[in-house]
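Before any comments, here is the structure.
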Amino acid sequence: MSTTGVPAFSAAHPATGRVTQLGVVRSEWTKLWSLRSTRWTLLVAVIAMAGIGIIISAVQMSHWSQMSAGDRASFNPVDVSLGGWNLAQLAIGVLGVLVISGEYSTGSILSTFAAVPRRLPVLWGKAGVFAVVTFCLMLPSAFVAFFASQAILTDHHVQTSLGAPNVARAVIGAALFLAVIGLLGLALGALVRNTAGGIAAFAGLMYVLPGLNALLPASWGNAISPYLPLSAGSAIMAIRPDPSSLSPWAGFAVFCGYTAVLGALAAYLLIRRDT
Amino acid sequence: MIDVRGATKRYGEKVALDDVTFSVQPGIVTGFVGPNGAGKSTLMRLVIGLDAPSSGTVTVNGRAYRDHAAPLHEVGALLEASAIHPGRSAVSHLLALAQTHGIARARVDDVIDIVGLRDVANRRVGTFSLGMFQRLGIAAALLGDPATLVLDEPSNGLDPEGILWIRTLLKGLAAEGRTVFVSSHHMSEMAITADHLIVIGRGHLIADTSVADFVRQASSKIVRVRTPDASRLTTALAADGVSVGHDGGIDVLEVSGLSAEQVGQAAFANQILLYELTPEQASLEEAFMHMTREAVEFQGSAAGSDRAEPGASQ
């Protein structure tokens, strides 16, 4: 390292500018992609979303001859092809938590808030960048999964097409649902400011609540079940009407509502709390 | 120009800062000294709005830090040098900061060159030494070409060459008319680097003084004299405000209340032979500890705060 010479503090290039939301979005874009862990996690989500449905379709076709008539009747070619969301949601949700909790655990939130002391633009910037990146990666992944799976399902002529009722909504809905899952993780990470706590909160809301709900008296449980985050949000991928769950868009709206409430609480605390 | 008015910061029961008032002027290096846990880092966090004061105000160039349209252009801060995501390169870290303000990419390269990190600019900072972290933190502070610099222990972890580099850098920044506010618990380092000192202990302002005055106060008034004629000299020096004590041998006197010159003149006028005439200099480190210890004793248990730097609580 060279340490000699007179330092030229105000060197050749002037440092002028001001904080703008667009600038903060660029900054968050740089932060997201400059971490190897982020790139790997997103790659896992893409492979899961695009690949798992294809594998399940192939397995189903190879076992088709041994399946019961009832199983064949209830076979859902869309569910099978989009099955990868089950793993993708975990990768995206955890990454959503990490996008902000990682700044607290490493202390880089100090530099971040020193640059943007009003703080809220940071939260909006992270949310915007992460939701758009997630959606833009998950949408093509979902289409790849869908078309490749349908091609495999032609073996036994049980495929469907994008033009069939509700199918396009389900495929696009998978990407939408995953983008909002990412935002839910981000809101929880911003609230808890701790990676382990944020991931625990995310898992608790999404996967533990249904288990607890199942222990309630059936009449309560059945009434609550459609409103649990996971069942509400995943309704957008439903093909056949299900009386035990909310309608696709109503369910998705409920899930967005939960996320918005947690996000608003995170925003309020972000400007109130000391760093 | 940093203006601190009646700043008080409580963390729960603990009082980290208690009604502190001072200002930091441009064009000079202002050293901010105090023992560990005195509240230095807490005050610096208030300056850049990371924490909010419980009462009082802290402004930079006339307004609260968060009310500036381009905060990085007003204040460059180094608080915790290693508080950077270890998986990111120095370039990515600085670029992300620059982009918030629309600062050009070329400026990032400028500051990397200023701090001498060119060779490791694209390496993950998780592999950095403490000294490299300090340099990266200073690069981040210089990024916005700020009028004010707030640096918490910038020479921490640097080798002697690095410490000299920091000293030259800070003096150069001040000479350009910037406000330079730098904390340290090494009094001797501050005595060389700084022009002005803010001393705090246990969250209280203890001194707001020029380094020259501090050094003058720190110099003890005691003159050590060795003479074969101690009793005659004692008589010759007798005056109001002068005390003469014995130290060590019978021929050694410790005179307070007179300068070495005055003692020499008195001896010369009375034809008293002197073997030694030494103004005794207390070290700055001793003077500093004496000053902060007094503050602690004066406060007694009223403040009762052992609170360490706030970073430790997270």
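The values are calculated or read from the model by the stated rules, or taken from the named source; none is laboratory data. Owing to the predicted nature of the structure, the values given are computational and were not obtained by experimental measurement. Methodologically, a virtual Cβ is constructed for each residue, glycine included, from the backbone with ideal geometry; neighbour enumeration extends over all protein chains shown.
Can B:Ser256 be described as under 30 Å from B:Val29 (Cβ atoms) and among the polar types (S, T, N, Q)? Taking the combined requirement at face value, the residue does not satisfy it. So, A:Gln89, is that one more than 14 Å from every other protein chain (Cβ to nearest Cβ), over 19 Å from the mean Cα position of the chain (by Cα) and part of a helix (DSSP H, G or I) or not? Considered against the rule, which asks whether it is more than 14 Å from every other protein chain (Cβ to nearest Cβ), over 19 Å from the mean Cα position of the chain (by Cα) and part of a helix (DSSP H, G or I), A:Gln89 comes out as no. Based on this model, can you work out whether B:Gly162 counts as crowded, with 18+ Cβ neighbours inside 10 Å, touching a residue at least 24 places away in the same chain (Cβ under 8 Å) and assigned to a helix (DSSP H, G or I)? Taking the combined requirement at face value, the residue satisfies it.
Exactly one residue out of B:Arg118, B:Arg107 is of a type in the set (D, E, K, R), more than 21 Å from B:Gly31 (Cβ to Cβ) and surrounded by 20 or more Cβ atoms within 10 Å (Cβ to Cβ), and it is B:Arg107. Meeting the requirement of 3 or more residues that are modelled with pLDDT under 85 and among the aliphatic types (A, V, I, L, M), the helices (runs of 4 or more DSSP H) wholly within region B:167-267 are B:211-218. Condition check for B:Arg293 on (1) modelled with pLDDT under 75; (2) part of a loop (DSSP other than H, G, I, E, B): one failure, at (2). Given the structure, is A:Trp85 at pLDDT 95 or above, within 25 Å of A:Ser231 (Cβ to Cβ) and of a type in the set (Phe, Trp, Tyr)? So A:Trp85 fits the description; yes. Restricting attention to region A:45-54, does a residue exist that is in contact with a Gly (Cβ under 8 Å, 6 or more places away or on another chain), within 8 Å of another protein chain (Cβ to nearest Cβ) and part of a helix (DSSP H, G or I)? No, region A:45-54 has no match at all.
For region A:5-17, the candidate set comprises residues that are in contact with a Gly (Cβ under 9 Å, 6 or more places away or on another chain) and surrounded by 15 or more Cβ atoms within 10 Å (Cβ to Cβ); within that set, the residue that is modelled with the highest pLDDT is A:Gly17. Restricting attention to region B:90-130, the residues being within 7 Å of chain A (Cβ to nearest Cβ), under 26 Å from A:Leu22 (Cα atoms) and in contact with a helix residue (DSSP H, G or I) (Cβ under 8 Å, 6 or more places away or on another chain) number 11.
Residue-level check: of (1) outside any helix (DSSP H, G or I); (2) in contact (Cβ under 8 Å) with a residue 60 or more places away in the chain; (3) surrounded by 15 or more Cβ atoms within 10 Å (Cβ to Cβ), A:Arg240 misses just (3).
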